[in-house]
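Peer 1: I have a structure here, written as structure tokens, and I will follow up with some questions on it.
Throughout, read-outs are computed from the coordinates displayed, never taken from laboratory work. All figures in this text were calculated on a predicted structure; none of them were measured in a lab. Note that we place each Cβ from the backbone using ideal geometry, even for glycine, and neighbour counts take in every protein chain shown.
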Amino acid sequence: MSTQEHAAAHVHRDDIGAKMGMWLFLFTELLLFGGMFFLYSVYRFVNQDAFHLAAKELNTIIGMFNTAILLTSSLTMAISIAAIQKNNRNLSIFFQLLTIVLALGFMVNKYFEWSAKIHHGIFPGGEELLAKSQGEILFFGLYYVMTGLHGLHVIIGVVLIGFMTRLTKNGVIRQDSYVKLEAAGLYWHLVDIIWIFLFPLFYLIT
Amino acid sequence: MSSEAISTNKNGYVSYLDYKGKHTGFLGWVLSTDHKRIGILYLIALMVFFAVGVTFGFLMRLELIAPGRTIMDPQTYNSIFTLHGVIMIFLFVIPGLPAVFGNFFLPIMIGAKDVAFPRLNLLSWYLYVAGGLLAILSILLPGGPADTGWTFYIPYSVRTGTNVMFTMFAAFILGFSSILTGLNFVTTIHRLRAPGMTWFKMPLFTWSLYATAWVQVLATPIIGITLLLVVIERWLGVGLFDPSLGGDPVLFQHLFWIYSHPAVYIMILPAMGIVSEIIPVFARRTIFGYKFIAFSSIAIALFGSLVWAHHMFTAGMSNTGQFIFSLLTMIVAIPSAIKVFNWTATLYKGSIELAPPMLYVLAFIFLFSIGGLTGIMQGVLSIDIQVHDTSFIVAHFHYVMFGGTGFGIFAALHYWLPKMFARMYNQKVAKVAFWLVFVGFNVLYFPMFVMGWLGMPRRYYDYLPEFQPYHLTSTVGSWILVLGLIIMFTNLIVSMRKGQTITKWNIWGGETLEWKVETPPTLENFDDIPVVTERPYEYRENDLAELEKEAK
Ligand code: HEM
Ligand SMILES: [Cu+2]
């Protein structure tokens, strides 16, 4: 009976469709952050002076450093895709791993940045913070929530790329079939782009 | 599923119910990536949650039969109406049609073998069940179930000691499931239509799913972040919505309704799609204004996303704001009205067959019109201020959500279940059940319009004696309604297991693709991908005879 052959017939491949799904998903991620950007703009509009004051307390150098790291990691990710297209598996794996290292570097920086702030009593519910004006409290509230959510995305990205590295090793991702890696790349660029928005909002506009 | 010998068609293909893949039995279902099996998984889960939700509604009505305490204390009442709302909205009417019938029939209707991402599809179901269980689990955990109402309004949702975190997290997971389904459907419709299936040859149910899927994808992330923020707020006390820390609770309401109003369209559009499917079949006439109906789905999705603030007229808003949102709200009524006119025009001079699916559709049009008109009333500022937070609102949204979506789901059940399970239900019993449900419904909810107008507030445990007659009537209505529901579901469930077997491909004489495949469909729906040449609903009497010949 043809029951058995059938299972195989079910496999179907549509790279354009897969990429389309990924784009739609990225759109929902943008909207998720969009809700936060909406809150940020309303609160900034209402508390201009306080936001100005609070932003001065953030360390622009660390922020800039992290921006550079993320931008570079977007590049290494793109290179890894180019490498697999040229059928250079090892190079691709190398650049994927490099992307992961850079992402972890970003998180380490973030850790130092956050812990310094927390050490100074600037964290939700912290005495130092509660002594400040309402606008500043909001600024730091948004800062922690938005960069925290972004950090969570970075971690998800690391796991995702780690997965891709394994798939590349196993030969699931190869020269003639790399749409998964491309999707992971798109995700990583999104994480990068969101940071590009967060950086000026929190560190630069003072 | 079925115990008879495995039935194969002339080419030796096996139906999706009999198919034995890598796993069999229970695992063959919960690990299956077949869109049809996933649709049925959803159906089962959905019905369980619906039963729980109805039980809560029934208990609330029982409590309200007389002033003062009757069967429960006020805190329990608060928890029960919250859970009732959460279950009915997030677990029943929002996922209902797309998840069950969209999954089962969307690929078949466009001539595809499956959805674009079958495994993602299964993941959506897992998320759905996980979210549902989490919501119900919150009842058992210390602290007790949430008591905030399904709207989770700040600041109460941050302050109450009950398990709001769980309930909100459940809603968050359900949102994720909804997004994945939407994303899957958009991609499926773009990528997997059979040759010849152009946009304007697509069945109207598919159109409505397409519009819905976009709303799911675009609106749901907003509720996701909103719920997440409240969870963070409870957990860390960041203060984003807390006035004492500079936050603004009204912003929560904006974010909440930016999703929740469009969510109304996630609920109602697929139901409208069902109606547009069923009417031409049972009126034996070409649908009137196909393109108008298709485009009005998109228009509803578009305009519907701009009117959220009409839920906040009394929450503090500028006069210009109130005016704009009031006006926009009126405008959304237009595409809905277009649909109703087109349906009536199709029915006009048709030879109407009052089979059970058609009865539910006619009831849909009637109840939805009442719900819609009272909705327009609330779009009018002066009236809204009078009826805000009264049982008038409760009546209105039950007419829309239950009378609309709920009846849409019932219509779909009666229309498609025989196709899915190859067994026919008892049509006489189905009609009796229909009349009980319909009459019970109106006896239950209509008095709420009246007492709301007279000032009976919503979400109240106790009331003044002058409202007693209305409450009594309403509670009696709930008995009739629940009796009808029990008969209806018993009939369907029993018949799907033991009813008369059918193998006829086209039981109702429909013209869309799902009627041109076997009953029940084979694993891959189509032995050969069809080439579509005709528009749907170009109803010709001869076709019926022709199809029946084919089936033999
Ligand atoms: C598809 C079906 C239904 C849907 C979608 C639905 C939805 C809702 C929602 C969203 C609420 C508001 C809860 C709140 O204010 O937080 C509500 C309230 C209520 N529902 Fe339902 N419901 C459905 C069926 C039923 C049934 C079958 C009954 C009775 C047997 C019922 C009785 C009630 C009552 C009495 C309230 C008012 C609670 C109050 O304001 O105190 N509902 N429903
Ligand atoms: Cu609304």
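Peer 1: Between the alpha-carbon centers of region A:150-206 and region A:114-130, tell me the distance in whole angstrom.
Peer 2: 30
Peer 1: Please compute the contact order of region B:424-543 in relative form: average sequence separation of alpha-carbon pairs under 8 Å and at least six residues apart, divided by the residue count, as a percent.
Peer 2: With pairs under 8 Å counted, the relative contact order is 32 percent.
Peer 1: If you build the Cα gyration tensor of chain A and take the root of 5 times each eigenvalue, what three semi-axes come out, in whole angstrom, biggest first?
Peer 2: 40, 19, 14
Peer 1: Can you tell me, using C-alpha contacts under 8 Å and at least 6 residues apart, the relative contact order of chain B as a whole percent?
Peer 2: 17
Peer 1: Relative contact order of region B:6-153, please, whole-number percent, based on alpha carbon pairs below 8 angstrom and at least 6 residues apart.
Peer 2: About 31 percent, as a whole number.
Peer 1: Please order A:Ser177, B:Ser32, B:Ser318 by the number of other Cβ within 10 Å, starting at the fewest.
Peer 2: Exposure proxy ranking, most exposed first: B:Ser318, A:Ser177, B:Ser32.
Peer 1: Could you give me D for region B:115-190, from Stokes-Einstein at 4 °C and 1.567 mPa s, where the hydrodynamic radius is the Kirkwood radius over C-alpha pairs? Units µm² s⁻¹, please.
Peer 2: Estimated diffusion coefficient is 96 µm²/s.
Peer 1: Using the structure shown, list the pairs from B:Lys201/B:Lys431; B:Lys291/B:Lys419; A:Lys19/A:Lys117; B:Lys20/B:Lys431; A:Lys180/B:Lys419 with a Cα-Cα distance above 31 Å, or answer none.
Peer 2: The answer is B:Lys201/B:Lys431; A:Lys19/A:Lys117; B:Lys20/B:Lys431; A:Lys180/B:Lys419.
Peer 1: Something else about it: Which residues' amide hydrogens lie under 5 Å from the amide hydrogen of B:Val14, considering only partners 5 or more residues apart or on another chain, with H built in the peptide plane?
Peer 2: B:Leu523
Peer 1: Can you tell me how the protein assembly as shown classifies by the Cα gyration tensor, rounded, prolate or oblate, using a/c under 1.5 as the rounded cut?
Peer 2: Because a/c hits 1.5 or more and a/b fails to exceed b/c, the protein assembly as shown counts as oblate.
Peer 1: Quick one: plug the Kirkwood hydrodynamic radius of region B:11-124 (C-alpha pairs) into Stokes-Einstein at 4 °C, 1.567 mPa s, and report D in µm²/s.
Peer 2: 79
Peer 1: State whether region B:302-394 is rounded, prolate or oblate according to the following rule on the C-alpha gyration tensor (a ≥ b ≥ c being the square roots of its eigenvalues): a/c under 1.5 gives rounded; otherwise a/b larger than b/c gives prolate, and the remaining case gives oblate.
Peer 2: In terms of gyration-tensor shape, prolate.
Peer 1: With just the Cα atoms defining each centre, how far is region B:170-195 from region B:427-489? Give it in Å.
Peer 2: Centre-to-centre distance over Cα atoms comes out at 35 Å.
Peer 1: I'm checking a number: the convex hull volume of the Cα atoms of chain B, normalised per residue, in Å³. What is it?
Peer 2: 146
Peer 1: Quick one: Karplus J couplings for region B:316-327, per residue in order, coefficients 6.51, -1.76, 1.60, θ = phi - 60°, nearest Hz, x for Gly and Pro?
Peer 2: With the stated coefficients, region B:316-327 comes to x, 7, 5, 4, 4, x, 4, 5, 4, 5, 5, 4 Hz.
Peer 1: ³J(HN,Hα) across region A:148-158 via Karplus (A = 6.51, B = -1.76, C = 1.60, θ = phi - 60°), whole Hz, x for Gly/Pro?
Peer 2: With coefficients 6.51, -1.76 and 1.60, one gets x, 5, 5, x, 4, 5, 4, 4, 4, x, 4 Hz.
Peer 1: Mind listing the long-range amide H neighbours of B:Arg423? Cut-off is under 5 Å, sequence gap 5 or more, other chains count too, H placed in the peptide plane at 1.01 Å from N.
Peer 2: B:Ile502
Peer 1: How large is Rg over Rh for region B:353-479, taking Rg from the Cα atoms and Rh as the Kirkwood inverse mean of 1/r across Cα pairs?
Peer 2: Rg divided by Rh gives 1.07.
Peer 1: Further question on the same structure: Would region A:53-114 count as rounded, prolate or oblate if I go by the C-alpha gyration tensor, calling it rounded below 1.5 in a/c and otherwise prolate when a/b exceeds b/c, oblate otherwise?
Peer 2: prolate
Peer 1: OK, next. So what's the back-of-envelope 222 nm ellipticity for the protein assembly as shown, counting only DSSP H runs of four-plus at -39500 (n - 2.57) apiece and dividing by all residues, rounded to 500?
Peer 2: -23000 deg cm²/dmol
Peer 1: Between region B:263-283 and region B:242-259, what is the separation of their alpha carbon centroids in Å?
Peer 2: 35
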